Amino acid sequence: MPTKYPFGMTYTQWRRTPFRIRHRLMALTINNHFRYWRSCADARCRRARACQDYLCYWRRLHKMPIEDAQRVRAAAAPLAKLLWIGCSKGAEGRQRF
């Protein structure tokens, strides 16, 4: 059965995952979706062919021109909506993707 949550999680598993862990999983998913590991400065990411550090997304986004960063944020918007599913542990006001 195909799942629409990161790393093959089900809806129940995703809801029970704490917000901070969800945030990390979402960053890794976005990195792998855009295949940022191909040009990553970290050799671990290139060897594993997947992002190993969830902060790579923000480092890359910070270095991009504003237009490119907005385009990436718009493309990642559907995935970012998954963060707020069943979020009941005080995640309001946190930075989104």
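Just so it is clear, none of the values below were taken in a lab; they were calculated from the coordinates. None of these values were measured; they are calculated from a predicted model. Cβ: placed from backbone, ideal geometry, glycine included. Neighbour counts: every protein chain shown.
Table for the structure above
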quantity	calculated
Which of His62, His33, His23 has the fewest Cβ neighbours within 10 Å, and the rest in rising order	His62, His33, His23
Under Karplus coefficients 6.51, -1.76 and 1.60, residue-wise ³J(HN,Hα) of region 10-15 in Hz, glycine/proline x	8, 4, 5, 4, 5, 5
Region 16-82 shape via C-alpha gyration tensor axes, a/c threshold 1.5	oblate
